[in-house]
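The values are calculated or read from the model by the stated rules, or taken from the named source; none is laboratory data. Note that the structure is predicted; figures quoted are calculated from it, not measured. All Cβ positions, even for glycine, are placed from backbone atoms using ideal geometry, and neighbour counts span all protein chains on display. Side chains are part of the model used for accessible areas, which takes the heavy atoms of the whole protein and leaves out ligands, DNA and RNA. Shrake-Rupley method; radii C 1.70, N 1.55, O 1.52, S 1.80 Å.
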Amino acid sequence: MLRIYLSGEIHTDWRDRIIAGAKELDVEFSGPVTDHAASDDCGVAILGDEADKYWHDHKGAMVNAIRTRKGIADADIVVVRFGDKYKQWNAAFDAGYAAALGKSLIILQPPEHDHALKEVDAAALAVAREPEQVVDILRYVLDGTLRG
C-alpha cells in the first residue's frame, strides 16, 4: 500500500479526481484540512482568541503545521498542486519540506507556472498537468501497468 499526501490548492476538484481515479489501487490518502475557515481559525478556536490578525494567523499556521508535518512524514509520495487562482506559498513550502525529507514528490501544475516553479519542479520526480496523470503514475508505481 502507498500512503499519498495531497497538498496544495483547495479551490478545485483535483483531490476528488485523484481519489476517484485511484479507487481500485492499494493507496491511502491524507492531506490538509481543506475547509478554509476551519484551517484559518483552528489556532484561536483551540488556543484562544487573538486581537492582532498576525497572531491569529500565526496560531492557526502552527496548529496546521503539526498535521502537515505528520502527513508528509508518514507519506510514501507527496503530491503538491499549484493552481491558477492564488499564490500558494504554503504549497511551495510543503514541496520543499517533502524534498528535504527525501519523499517522492509529484508536482501538479499548469504549464504557465513552469518558469515560476522551475526550482520546485527540479526537486520533483514527476511534473503532471492533470490529476489523471497522477493516478496513472500511482498505477504504474504499484502495478507496473499503463492505462489502456
Next on the checklist: Quick test of your reading of the structure: A61 fulfils all but one of (1) surrounded by 16 or more Cβ atoms within 10 Å (Cβ to Cβ); (2) assigned to a helix (DSSP H, G or I); (3) in contact with a Gly (Cβ under 9 Å, 6 or more places away or on another chain). Name the failing condition by number.
Outcome noted: (1)
Checklist entry - Among the residues of segment 1-19 satisfying the criterion of being touching an Asp or Glu at 6+ places or on another chain (Cβ under 6 Å) and in contact (Cβ under 8 Å) with a residue 40 or more places away in the chain, which is farthest from A91 (Cα to Cα)? => result L2
Checklist outcome for this item: Within segment 67-88, of all residues that are at pLDDT below 95 and under 12 Å from the mean Cα position of the chain (by Cα), the one most open to solvent (accessible area, probe 1.4 Å) is Q88
Next on the checklist: Can you list residue pairs whose Cβ atoms sit under 8 Å apart, with the first residue in segment 89-115 being in a helix (DSSP H, G or I) and the second being of a type in the set (K, R) and loosely packed, with under 13 Cβ neighbours inside 10 Å? Count only pairs 6 or more apart in sequence or on different chains.
Outcome noted: P111/R129
Checklist outcome for this item: When segment 14-49 is checked residue by residue, the ones that are part of a loop (DSSP other than H, G, I, E, B), under 21 Å from T68 (Cβ atoms) and touching a helix residue (DSSP H, G or I) at 6+ places or on another chain (Cβ under 9 Å) are G31, P32, V33, T34
Checklist entry - Considering only residues of segment 122-139 that are part of a helix (DSSP H, G or I) and either open to solvent by 40 Å² or more (accessible area, probe 1.4 Å) or without any contact (Cβ under 8 Å) to a residue 24 or more places away in the chain (or both), which is farthest from K23 (Cα to Cα)? => result A122
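Residues checked against (1) surrounded by 12 or more Cβ atoms within 10 Å (Cβ to Cβ); (2) closer than 23 Å to A73 by Cα; (3) out of contact with any Gly (no Cβ under 7 Å at 6 or more places or on another chain); (4) of a type outside the set (D, E, K, R):
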position: S7; (1), (2), (3), (4): yes, yes, no, yes
position: W14; (1), (2), (3), (4): yes, yes, yes, yes
position: D26; (1), (2), (3), (4): no, yes, yes, no
position: G31; (1), (2), (3), (4): yes, yes, no, yes
position: K53; (1), (2), (3), (4): no, no, yes, no
Item to check | Matching residues in segment 48-88 - criterion: being aliphatic (A, V, I, L, M) and free of Cβ contacts under 8 Å to residues at least 12 places away in the same chain | outcome: A51, A65, I66
Checklist outcome for this item: G48 passes all but one of the listed conditions (1) over 14 Å from the mean Cα position of the chain (by Cα); (2) open to solvent by 50 Å² or more (accessible area, probe 1.4 Å); (3) not charged (D, E, K, R); the exception is number (2)
Next on the checklist: Let me spell it out: the conditions are (1) surrounded by 14 or more Cβ atoms within 10 Å (Cβ to Cβ); (2) of a type in the set (D, E); (3) in contact with a strand residue (DSSP E or B) (Cβ under 7 Å, 6 or more places away or on another chain), and D40 meets all of them except one. Which number is the exception?
Outcome noted: (3)
Checklist entry - Any chance segment 101-111 includes a residue that's more than 23 Å from M1 (Cα to Cα), open to solvent by 40 Å² or more (accessible area, probe 1.4 Å) and out of contact with any Asp or Glu (no Cβ under 8 Å at 6 or more places or on another chain)? => result yes
